[in-house]
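Structure first, commentary second.
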Amino acid sequence: ATPISVVAGTNNALKHGILIRDSRAIELSPRIRAVAFDKTGTLTRGRFEVISVIGDEKVLYYAAVAEKGSEHPIARAILERAKEVYGEIPDADNYDTIPGMGIIAQRNGLTIGVGNEKLVKGFEAVINLEIERKVRESASDGYTVVYVIINNEVLGAIVLGDSLRPEAPAVINELRRIGMVPVIITGDRTEVAKMVARKLGIEHVYAGLTPDEKAEVVKELKDKFGITVMIGDGVNDAVALKVADIGMAMGTGTDIAKSAGDVVLLDSDLTKVLSFIKLSRKILSNIK
Ligand code: ADP
Ligand code: MG
């Protein structure tokens with residue numbers, strides 16, 4: 001039976017904006033060793049803005065048609081900018097989202113792909129050297145870049161900027177202070193992940209990952225460090241959240257992430273990670 005103090009503690013946590021879906025998370029909390037963070041939407045706000053377009057200007061329009069049905073923050077930013085330039089954007093005839101890679105859509109016989117280098121590889125599309133040079137440049141400046149592929153040709157790319165959640169540096173510092181190892185696990189490319197890592201002083205960075213690879217990394221962290229927390233917001237984090245000893249989903253995240261999490265941080269404030277650890281310890285000390 002669940003001790004009454006756990007029930008009371010869980011209610012108290014809820015008052016602090018932390019939904020504990022599995023009380024095992026409370027029991028494991030004193031032994032947490034590693035805390036893995038997804039990047040986009042977790043360490044960053046996940047609110048992108050289009051910074052520039054590389055290659056043919058039309059790529060913005062095509063990308064918007066493909067992304068119209070997507071909920072991904074990259075898609076929202078592309079749509080917002082395209083509407084400013086082109087007005088209403090037509091629906092694609094059909095589309096498929098591929099978590100951790102991008103989106104593929106069809107419209108009037110054209111196949112449009114928007115996504116990262118993995119998607120480009122999947123299309124077996126060739127990237128022209130001038131486009132690739134500019135993409136690398138933007139990525140090493142810390143921007144997220146997505147390629148726009150039309151009928152197997154990379155027509156250009158879109159450069160997007162996101163920003164760190166303001167509380168992230170203090171939360172990471174505090175986790176380190178109490179002896180935990182912070183880690184970044186992201187589907188975005190290495191240069192972008194490293195830029196965020198540098199700002200936060202995070203040493204362990206795993207980038208360019210598919211959803212399954214994120215889960216693999218979590219397994220490795222469990223072997224290497226011990227009890228591991230994974231915090232994420234996306235469909236692409238669901239498997240990793242399940243594999244982690246404690247999966248934490250951001251409240252602003254997707255429903256899939258939230259139902260995969262043992263804990264949900266209700267208003268996506270990262271300081272709630274610290275609150276969770278403190279409250280759990282209090283709950284456990286009341287049991288003893
Ligand atoms: P993170 O792991 O940092 O949260 P995601 O897994 O959501 O990031 O996305 C990883 C990468 O996959 C993005 O940086 C982007 O290149 C690509 N991607 C995912 N979804 C989309 C989309 N709807 N449109 C374009 N690119 C996408
Ligand atoms: Mg994310």
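Laid out as a table, the results:
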| read-out | value |
| --- | --- |
| Number of the condition not met by residue 223 [criteria: (1) acidic (Asp, Glu); (2) away from ligand 1 (no atom under 12 Å from the Cβ); (3) touching a residue at least 12 places away in the same chain (Cβ under 8 Å)] | (3) |
| Any pair with Cβ under 9 angstrom, 6 or more apart, that starts in the stretch 175-193 at a residue that is in the same structural domain as residue 137 (by TED's automatic domain parsing) and ends at one that is polar (S, T, N, Q) and more than 9 Å from ligand 1 (Cβ to nearest atom) | none |
| The listed residue being surrounded by 16 or more Cβ atoms within 10 Å (Cβ to Cβ), within 14 Å of ligand 1 (Cβ to nearest atom), at negative phi and in a helix (DSSP H, G or I), out of 50, 154, 146, 65 | 65 |
| Qualifying positions in the stretch 139-167 - in contact with a Lys or Arg (Cβ under 8 Å, 6 or more places away or on another chain), within 30 Å of residue 29 (Cα to Cα) and not basic (Lys, Arg) | 163, 164 |
| Residues satisfying the stated conditions in the stretch 68-97, i.e. within 16 Å of ligand 2 (Cβ to nearest atom) and assigned to a helix (DSSP H, G or I) | 73, 74, 75, 76, 77 |
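Conditions (1) surrounded by fewer than 20 Cβ atoms within 10 Å (Cβ to Cβ); (2) over 19 Å from residue 235 (Cα atoms); (3) of a type in the set (Phe, Trp, Tyr); (4) in the same structural domain as residue 199 (by TED's automatic domain parsing), marked per residue:
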position: 84; (1), (2), (3), (4): yes, yes, no, no
position: 98; (1), (2), (3), (4): yes, no, no, no
position: 103; (1), (2), (3), (4): no, no, no, no
position: 111; (1), (2), (3), (4): yes, yes, no, no
position: 114; (1), (2), (3), (4): no, no, no, no
position: 120; (1), (2), (3), (4): no, yes, no, no
position: 126; (1), (2), (3), (4): yes, yes, no, no
position: 133; (1), (2), (3), (4): yes, yes, no, no
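To keep it simple, each residue is scored yes or no on (1) of a type in the set (S, T, N, Q); (2) farther than 20 Å from residue 118 by Cβ; (3) under 17 Å from the mean Cα position of the chain (by Cα); (4) surrounded by fewer than 20 Cβ atoms within 10 Å (Cβ to Cβ).
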residue	(1), (2), (3), (4)
170	no, yes, no, yes
176	no, yes, no, yes
184	no, no, yes, no
218	no, no, yes, no
255	no, yes, yes, yes
265	no, yes, yes, no
270	no, yes, yes, no
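The values are calculated or read from the model by the stated rules, or taken from the named source; none is laboratory data. Everything numeric here is computed off the predicted structure, so don't read it as measured data. For neighbour counting, all protein chains shown are included, and Cβ atoms are generated from backbone atoms with ideal geometry for every residue, glycine included.
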